[in-house]
Every structure is written in structure tokens, then in C-alpha cells.
1. For segment 518-547: of the residues being outside any strand (DSSP E or B) and touching a helix residue (DSSP H, G or I) at 6+ places or on another chain (Cβ under 9 Å), which is farthest from residue 109 (Cα to Cα)?
2. Does residue 190 meet the test of being part of a helix (DSSP H, G or I) and more than 23 Å from residue 331 (Cα to Cα)?
3. For segment 568-584, give me each residue that is within 21 Å of residue 539 (Cβ to Cβ) and surrounded by fewer than 17 Cβ atoms within 10 Å (Cβ to Cβ).
4. In segment 18-52, what count of residues is obtained for those that are touching a strand residue (DSSP E or B) at 6+ places or on another chain (Cβ under 6 Å) and under 30 Å from residue 595 (Cβ atoms)?
5. Against the definition (assigned to a strand (DSSP E or B), touching a strand residue (DSSP E or B) at 6+ places or on another chain (Cβ under 8 Å), touching a residue at least 12 places away in the same chain (Cβ under 8 Å) and more than 26 Å from residue 610 (Cβ to Cβ)), how does residue 570 come out, yes or no?
6. I'm trying to understand the selection: among the residues of segment 625-640, which are under 16 Å from the mean Cα position of the chain (by Cα) and either more than 23 Å from residue 437 (Cβ to Cβ) or crowded, with 21+ Cβ neighbours inside 10 Å (or both)?
7. Could you go through segment 594-614 and let me know if any residue there is at pLDDT 95 or above, surrounded by fewer than 20 Cβ atoms within 10 Å (Cβ to Cβ), within 29 Å of the chain's Cα centre (by Cα) and over 24 Å from residue 514 (Cβ atoms).
8. Quickly run through segment 200-220 and pick out the residues that are touching a helix residue (DSSP H, G or I) at 6+ places or on another chain (Cβ under 8 Å), without any contact (Cβ under 8 Å) to a residue 60 or more places away in the chain and surrounded by fewer than 20 Cβ atoms within 10 Å (Cβ to Cβ).
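The values are calculated or read from the model by the stated rules, or taken from the named source; none is laboratory data. Remember, it's a predicted structure, so these values are computed and weren't measured experimentally. In this analysis, Cβ positions are derived from the backbone assuming ideal geometry, glycine residues included, and neighbour counts consider all displayed protein chains.
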């Protein structure tokens, strides 16, 4: 069965989508041309949410009292139409009372009634707002439980990914195609011109990918040109790392060039500018020049003779003490409204040896002068530039006209910014230099190497970039969309394995289990046999997670994944209330569809069948503020703890993975294998999946070791004080001071005395 729906549907059919993923009886198919929600069912089409939820519930074996269920279906229709808050609160009061001693609306399991009402609430922002004010705790518990289910999260993540990528399948490609003016198939030439002074980051990725995208679209060529005009910052090794970064993005150039290839030509162009009265030398101090440009005041040297200008430029070229005092400026305008046109500097002195040309040159062109000239010489047809350069586009065009060289089309696109993310090369250098991260490829870094090491695929990155379309809006994007797309890419091919956190493992005796270890061959991915097979060990003693063990009720029937059902017969607890052991009866004739808990497990290790020690790593954002302002000091916003480690054991099948392989530890998430550590343990880095929980701070989680950021030599790092490391917020004073505050809770539960009260 297939459930077809549109992300633009209002209200969105959350109930249909959630029950489809819960029962696994229908695949979600997002189609923006769809006018409603449609379920292909037994050769017919159902197009109302009531019919769809009812059909999927029956197909999935979700039993329920038909009389009670009908009343909840009716309420689900009525609730979104209520406009008066007292009417909504009255409905909530009734539901809250009903759920005070119940887990679900009808019976002891999830039914169609739960899904239809959950979807009705989920589809209304106003209703959710009222629910989450905390007054109706039992209703909120029920709602939150349904939303937290893996199947529900799958539906919500699929929706987020579909929203992010819908433009790619419809309007986006057309928008890009129309965006390149005067483009002719087979003639388009684009270029990506990075400065070889560091590592490429995700902002560069957008520029590089768009340039390649257009070159391929028009069957043209892509040139990678290193803008090596500042020997102070540039090194040849950075060129190699950048080419490696581009290789990680599957970006292949038709030609690799350097601006330094054209230094002789650029020098001749500068001489021509002086001789035609379009450039002049200036020895005005930098601060004074900045002030004069801001106020629209002409330089004292603006009208110097051509002879004087040529003489000073020759001194600059020789690198003499006199020449070092001067620079060359384009003679465009003194007081233009566009300040980029106020006689910009186009050549300056630098006596440091160049990594390619050595000591031949003591003067170097600025990017604004070199770029339009080299673009024209190399046959670039379309120069793609972020719209932060928009004011300088007029300057770019002026240079071309002033020199009488071939014109180049300019195509603007918005710069890529993400919340809690630094893209400033200087600030990223600071994190590396102060050892707040472990290098430029640290998974916390927004560099290409960092995000690829954390598990972001090239396909997801490409889809995300193209989904942005030809937008000119400069916004700080959330990371959830790009990770949701990434999950959609990796989920169909990631092999499934199991792991149990060591400190949280609970031994379980299985009555009726095999007397000796049994080995079965199972698919690594139930929906994709091509992923391969794995060996699963079955024994009468297994390990489960503490969180699962603590959730089991006495005599509860649960499902051991890839084995069958079992009934919890007894449990022992430790002094702190933690579960120390369990006993279960194997009950293979049980129906897994009727259990609410389906858990992963591992056979107790033996000399023959061992488990593998692994470390699960997770990361937080590097800074605590969504966007640093110009006057913010990065040292004041360093996240105190941003690396977290869990020691776990995994099934022996993980020994077969190689570095860079992406897997899923079922019920834990997606991970990328980072290789063995020095102690021999295999290290896996968690890949965010787009859900809020995967992007939130992990500090304070049981079994997780937080690795604090070292204090930098210049006083970096936030002071911990009374602020717990679990927060991403910067430290503020306590609202109620340091006095203890006893909260007042509005609840329908009877009052009991605190355990530790006298």
C-alpha cells in the first residue's frame, strides 16, 4: 500500500502518516501535486483521514472497542474547529481525567483512536500550545509518548526531509536554469576561486557545488582557481588539503589554475590603468584613508601626474622602503553612494616570499582587481558570487570596462549560515590553536572534513544545497533539515547492528532458551538484502539496556527483536532502585504486533562468541549562541562540554566494518565508523538524524562521559560556576536568587509527602 500526501496540506494529515509508519502497512509518498491524502488500498482509493486511519489500523491488527473508537474519531473532527479556549480546555479536562489511570484511550494497546486524536492535536499550533502549558499532565504524557515512538519520528523526519527537498524535484532546477543569463549549452565556464589559506568549510561547499552543478547542466567546464594573492597567509600545503576537500565532495575540475599564473599580465594591466588616468598611487595612512573614504573626501594624491604615479609604482615593485609606503588605487569615484566604488586599493606591497613565485614580486593585486581580469582571460562565462559581494559587483564591472576586456556575467546566490556555527576562518583557527577541538577534521568543525567525518554524505549535502534554490535571503539555517535529508540517504543502505552500554547493561535469564549457543544468519537490513548478512547469537543468558529493564512491568509480554516474545517473570533491584537482573520466559507463540516494547539485546559473551568493545561518541555545538554578533568575543561563548563518550559492547558483526562505513545501532541511531582508538576499541561517531533530540546537548545522560573543553592559554572557555554543563545557554543570574524555591504544581493527583522530608 502507498500513502500519497503533500507537505503543503493544511492541516497536515499527521494521523495518517503516523499510523502508516507505525503499522508498516503503507509507504509514505510525498507528492506536491497531490490535492489531499490518498491511500491505495486493495485496488481502491481512500481519500479521507478517517477512512485511511481505520483501514491501516485494521490492516495492522490494532484492535479497539468500536463504540468508544467512534467517539474519539468524532472528537478528532470537532477539536480543530473549536475557537474558544474554554471549549478546548473543557475537552482537555475530559481527556485528562480519562487518561489519569490509562496509558491509551481504548484498551491496553495503541489503537486507531489514539492516532486519529493525536493527529488532530498535532495539526493545530493553537491546541498544542494550550496542551504544553502543563495543566493537563496525563494528556500531555500520552501525546508525548506517541510522538516519541520511533515510527512517529520516522514520519516526522520524512516530512521534514520532503519539505527541504521538494523544490529540488519541482521548481528548484528550473529556478537555477533561469538564473544563468545568456547561458548556452557547451559554452558555459564557471570557476571556484578559494584562497589557499585554510580548510574548506560548509559555506565553501555551496559555492563549489553550484559551480559544478551549472557546469554539468550546460555541458560546460569547471575551473578551480587558487586565489593566491596574499603570501602572508597562503601555503602550498593548503592547496593540497583543499583539493582533498573537494574530492570528498566529488567535485572534479576540468582545469586547475592560480591567480599567480597571471601576475605578469595583471602588472601590465595596472600600468595601463595608470597610463590612462584610471589609477593612482597613494601613501595616505590606512586609518586616514578609511576615514576619507567613509566621508567622501578625495586623497591628496588623486590628481598626481601619470609620471609620478608610474615612479611610485616602480618603487612599490622594487620593494624599497619608499615603495612600501605606497599602494595603488583605482580612480573610480570619491563620493559614490556605493562605497565599494570609492577609489578602492588594487595593488599593495608585501615583501614575504610567495609560495609559488618566490621573491620575484614585492607587489600583489587585490582580489577585487585580479578576479574580474582573470575571469575574463580564462573564458569564465558566469561568475557565481555570494550576495555579500553585491555592492562590489559594480566595481567588478568597472574594472572590465576600464580595461576593455571581455565581459563576464555575474550570478548572485545567498551565503550559507547555520545557527551555533562559526564560518570565520580566523575564529576556527582560534579553536584549533587553543586545542578546543582536535584539529580541522574534528567532527564538531563545520569544515568539509569535519562534517564528512561526522557522517554527512555528499548526496545529502548536494540535495540540501540545491534545495535552497536561487534564494537571495541571508538567513541562519537550522541543522535539522540537512541531517533529515542525510538520514533519508543513509537509511536504505546502512547495515543494522546492536550495542548495549556497559554501565547500563542488565543480565537476563531466558527460561526456554537454547541450552547452548545457537547461530542464525539474518539480513543486515531487513528491507534491503543487498546490504548483506550477519550472524546473530542466541543463548539463554542475554544483556539488555537498563532503560528497557526498568520500563518492564511484572508479567509483561515484550518482544526480543529478531527472536520472539518473552514474558517478564521476575526482577531484582539494587540499593538505588536500578534493575540488577531479570528472568523471562520465552514465549515464541506470542504476537509481536500486540507488544508495545520491542527491544534489542545481546547474547552474554563466551570464549567462542565474544562481544566487541566500542566507544560511542557524540558532540554538541562549539558555541552557545545561535549567531555571534560583530562585537561578540568568541571566548565568551565557548560550549563548556562538547564531546561525550559512551563505553558499550556491540555484536561481533561490527568487526567487518571499515573506516568511514555508516551503520545503524538499532534503537540508538546512525553512526559512522571512525576507526580503532589507541586502546583498540572501535570508535563510532553518532550521526544526527534531524530530530531535536539528536541535535540537543547530551551532557548528564547516564553512561555518558563528558569531555570538558580545555581552558585556552588566553583565558578562553566559559566558567562553570553554578551553571550545569547540560545547558547550551550562557550563564545568567538566577531569577529567584539563591534561596530554595518550592514549586507549586497544579495537578489532579493526590498529595504525598516527600520521601526525604522529616
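1. 532
2. Against the criterion (part of a helix (DSSP H, G or I) and more than 23 Å from residue 331 (Cα to Cα)), residue 190 does not qualify.
3. 569, 570, 572, 580, 581, 583
4. Going through segment 18-52 one residue at a time, the tally reaches 10.
5. In short, yes.
6. Listed by number, the list is empty, since nothing qualifies.
7. yes
8. If the condition is that a residue be touching a helix residue (DSSP H, G or I) at 6+ places or on another chain (Cβ under 8 Å), without any contact (Cβ under 8 Å) to a residue 60 or more places away in the chain and surrounded by fewer than 20 Cβ atoms within 10 Å (Cβ to Cβ), then 217 is the only one that fits.
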